[in-house]
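Remarks on the structure that follows.
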């Protein structure tokens with residue numbers, strides 16, 4: 001097994017997902033399959049290949065420090081389920 | 001009980017404090033780090049947001065070049081290594097002030113590493129290592145409802161560029177931590193890449209602190225302190241935490257590794273009580289942002305723009321103005337204060353006098369306020385000191401004039417004229433009064449003639465009373481001596 005049930009529970013918690021017992025079993029199996037599939041890459045010999053994190057060799061994409069127009073308050077808040085005139089409203093955490 | 005106290009005292013000396021600081025400096029750019037929204041403080045909530053900083057799906061962040069430039073600047077100013085190749089990573093966690101569900105930061109390849117600054121505590125110098133500095137984005141702001149269990153989210157601050165500066169655990173006392181924090185602050189201000197306002201949060205500091213028995217190599221268990229929003233609070237919180245940890249260790253208890261909040265009202269550190277989840281940020285390279293590769297030409301160009309830094313300015317003050325090192329350290333501790341000194345010193349030949357005035361009268365009357373809000377312009381202070389030097393007013397009167405200046409912002413000459421404080425240096429005028437006083441106090445006059453020179457203080461005091469403190473003290477002394485010994 002590439003992944004344990006405990007790891008799946010941990011990752012689910014980090015993602016704030018409540019998984020039922022059935023889901024847990026199912027997810028653990030599916031994630032294991034995915035990891036096994038990706039693990040195929042380990043069969044390649046990468047001794048002389050420089051590690052890379054991006055698919056393209058593009059570097060240094062910058063923008064100048066010039067202000068552009070922002071959205072209006074109303075536009076910013078438009079998609080929010082719970083809000084007032086100026087802010088998003090969420091359950092209090094601390 | 002007594003035995004225990006004695007035992008405690010004996011062991012007390014044997015702990016060593018180990019502190020490392022994490023500083024977050026908001027960079028003074030015009031726009032956010034990954035989008036063109038303007039930075040603002042105090043504008044209506046959510047009026048400076050766009051799809052990028054709101055964390056909408058499908059958007060593409062683009063790095064603000066100024067942020068990289070400022071990070072390189074700070075790296076060069078702290079003898080650091082600039083990593084020619086660096087990149088951004090995602091730090092994943094959920095919190096309502098973080099709309100994307102991750103903070104874009106740097107992880108294994110930060111822009112700056114292996115730097116150092118020199119601090120000065122009680123006249124001894126020490127080099128403090130800087131582990132790393134990295135670029136990242138700030139989160140939004142939560143305003144908690146006072147009655148209902150709700151919070152209001154303002155995302156104006158989301159995406160504000162931060163430079164996180166992480167020190168080595170080289171600091172051995174709260175005092176050293178304070179000096180280091182001040183030094184980093186001064187350098188950022190000299191470079192003018194950060195406002196440095198701790199109250200408004202543009203300069204923030206967290207601390208890791210642990211104790212270990214002297215001689216032990218490995219570190220003790222540390223706690224992390226947060227919520228210290230002034231220089232004073234940082235030192236107070238660390239001092240409190242040293243005492244707390246020492247007491248626990250002396251009682252044979254173990255320190256719990258946790259995050260503590262400083263409560264400035266109760267002067268204590270308080271546990272967040274398990275509000276914190278086990279950290280598991282699952283960092284990975286950000287696929288949306290391409291790596292940063294810095295060439296020598298850019299670094300050289302930035303190096304040429306570096307201004308005179310606090311240590312250089314301190315050395316120049318010692319040489320150019322002949323100031324003691326102690327004065328130079330304090331005056332150059334802030335760019336504004338150093339500028340203030342130099343402006344005032346230009347108007348007055350005696351630089352040491354200017355330094356004394358700033359370090360005693362001015363800093364006392366400022367009561368911790370920033371020099372930028374001071375009502376007395378440096379030119380006015382220079383003028384006041386020049387008036388004393390020329391003998392127009394006495395040093396004592398000058399101090400009362402100064403208090404007036406701090407309150408009203410008026411020119412010293414105006415106050416001196418309005419209140420008729422010009423020093424009496426007219427010999428004829430003073431001589432008449434001196435003779436009068438000597439005649440009225442024959443006993444004291446006799447004592448003086450018999451060698452009890454201490455009564456001189458009495459005589460000068462009488463003259464000061466008569467002139468409301470305006471007699472030229474040097475002249476007063478001379479006139480009395482001459483009159484009494486005639």
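The values are calculated or read from the model by the stated rules, or taken from the named source; none is laboratory data. In this text the structure is predicted, and so the values were computed from the model without any measurement. Reconstructed Cβ throughout: ideal geometry from the backbone, glycine too, with neighbour counts over all protein chains shown.
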Item to complete: Output the residues belonging to segment A:60-79 that are part of a loop (DSSP other than H, G, I, E, B) and either over 27 Å from the mean Cα position of the chain (by Cα) or over 14 Å from residue B:50 (Cα atoms) (or both).
Response: A:60, A:61, A:64, A:65, A:66, A:67, A:68, A:69, A:72
Discussion item. When the residues of segment B:40-54 are narrowed to those that are modelled with pLDDT under 95 and within 16 Å of residue B:161 (Cα to Cα), which ends up nearest to the chain's Cα centre (by Cα)?
Written reply: B:41
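Listed residues B:101, B:58; which is more than 21 Å from residue B:20 (Cα to Cα) and free of Cβ contacts under 8 Å to residues at least 40 places away in the same chain? Walk me through how you get there before you give the answer.
Details: B:101 fails: free of Cβ contacts under 8 Å to residues at least 40 places away in the same chain.
Within the list B:101, B:58, the selection yields B:58.
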Worksheet item: Scanning segment B:231-272 for residues that are assigned to a loop (DSSP other than H, G, I, E, B) and touching a strand residue (DSSP E or B) at 6+ places or on another chain (Cβ under 9 Å), which turns out nearest to residue B:368 (Cα to Cα)?
Response: B:272
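For segment B:149-171, which positions are in a strand (DSSP E or B) and over 20 Å from residue A:82 (Cα atoms)? Please lay out each step first, then the result.
First pass over segment B:149-171, keeping only residues in a strand (DSSP E or B): B:150-154, B:161-167, B:171.
Result: B:161, B:162, B:163, B:164, B:165, B:166, B:167, B:171.
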Practice prompt. Output the qualifying pairs, or none if there are none: Cβ atoms under 6 angstrom, residues six or more apart or on different chains, first residue in segment A:1-21 and closer than 13 Å to residue B:94 by Cα, second residue surrounded by 15 or more Cβ atoms within 10 Å (Cβ to Cβ).
Written response: A:12/A:19
Fill in: segment B:468-485: number of residues that are surrounded by fewer than 16 Cβ atoms within 10 Å (Cβ to Cβ) and within 10 Å of residue B:424 (Cβ to Cβ)
1
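Any residue at all in segment B:280-292 that's under 26 Å from residue B:181 (Cα atoms) and surrounded by fewer than 16 Cβ atoms within 10 Å (Cβ to Cβ)?
Of all residues in segment B:280-292, those under 26 Å from residue B:181 (Cα atoms) come to none.
No, segment B:280-292 contains no residue that is under 26 Å from residue B:181 (Cα atoms) and surrounded by fewer than 16 Cβ atoms within 10 Å (Cβ to Cβ).
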Discussion item. Within segment A:43-59, does at least one residue satisfy the condition of being loosely packed, with under 12 Cβ neighbours inside 10 Å and assigned to a helix (DSSP H, G or I)?
Written reply: yes
Practice prompt. Evaluate segment B:418-432: report whether one residue or more is touching a helix residue (DSSP H, G or I) at 6+ places or on another chain (Cβ under 7 Å) and without any contact (Cβ under 8 Å) to a residue 40 or more places away in the chain.
Written response: no
Practice prompt. Collect the residues in segment A:80-94 that are at the interface with chain B (Cβ under 7 Å from one of its Cβ atoms) and part of a loop (DSSP other than H, G, I, E, B), keeping them in residue-number order.
Written response: A:86, A:87, A:92, A:93, A:94
